[in-house]
Amino acid sequence: MAARLPGHFYFETETYYDQLDGQMILHHPRYFVFIERAQQAWMEAVLGAPRFDWRNFPDMYLVVRKLEVEYLFPIEGVCDITVVLWPERIRAAKLVMGFEIRSPDLERVYCRGTRVNCKVNCEDHKPVFWTDRFIDLVESACLMAKQARQI
């Protein structure tokens, strides 16, 4: 079993029969659903939010600006998977997250990629700055993740 890295978030979940295509392989757009769910859980954990409560935790109000994925191995059948997320960099209104979907033992990487999030105002959907608290939390995680990935 591969080691869990500091600064990384591990979201354990499973695939379901209705997500599979005719070849019993996870249909490629479904990968993004798992990334989205993991991102929500990461935000809740980082901010200490009880649920996806963007009204009380405005840093949760964001849009996805860019999503890139490299599919490496198919996810076959109904099975357990682990989504691994880590922050790569944060700027005024932009957050770049790295991700991988792995087997539960973390040995097999099914896909990897990046997701670029943009924090927006909930009224006009224009970019706005992250809160200072969120920036501090994410910068700390970025440093830990970067150091862990260099080992």
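The distance between label points at Asp136 and Thr114 comes to 2.8 nm (points 7 Å beyond Cα on the Cα→Cβ vector). For region 45-117, trypsin sites (Lys or Arg not before Pro) meeting the loop criterion (DSSP other than H, G, I, E, B) and having at most 10 other Cβ atoms within 10 Å: Arg51, Arg55. Label-point separation (nm) for Tyr71 and Tyr17, each offset 7 Å from Cα along Cα-to-Cβ? Each label point is offset 7 Å from its Cα along the Cβ direction, giving 2.3 nm. Relative to the longest principal axis of the Cα atoms of the chain, the long axis of helix 30-47 lies at roughly 40 degrees. Here, the chain yields an orientationally averaged convex hull projection of 9.4 nm² when only Cα atoms define the hull.
Return a whole-number percent for the relative contact order of region 9-150, with Cα pairs under 8 Å and 6 or more residues apart as the contact set. Please report the intermediate quantities before stating the final value.
Details: 244 pairs, mean separation 36.1, N = 142.
Reported relative contact order: 25 percent.
Compared with the alpha-carbon gap, the fully stretched path from Val78 to Lys94 is longer by 2.3 nm at 0.36 nm per residue.
Among Leu26, Leu106, Phe57, which residue has its Cα furthest toward the positive end of the charge dipole of the chain, with +1 on Lys/Arg Cβ and -1 on Asp/Glu Cβ? Toward the positive end, the furthest listed residue is Phe57.
From helices alone, the chain scores -8500 deg cm²/dmol at 222 nm; the rule is -39500 (n - 2.57) for each run of n ≥ 4 DSSP H residues, then divide by the residue total.
No lab work stands behind these numbers, since they all come straight from the coordinates. Note that the coordinates shown come from a computational prediction; the quantities given were computed from them, not determined experimentally. Every residue, glycine as well, gets a Cβ built from its backbone with ideal geometry; the counts of neighbours run over all protein chains shown.
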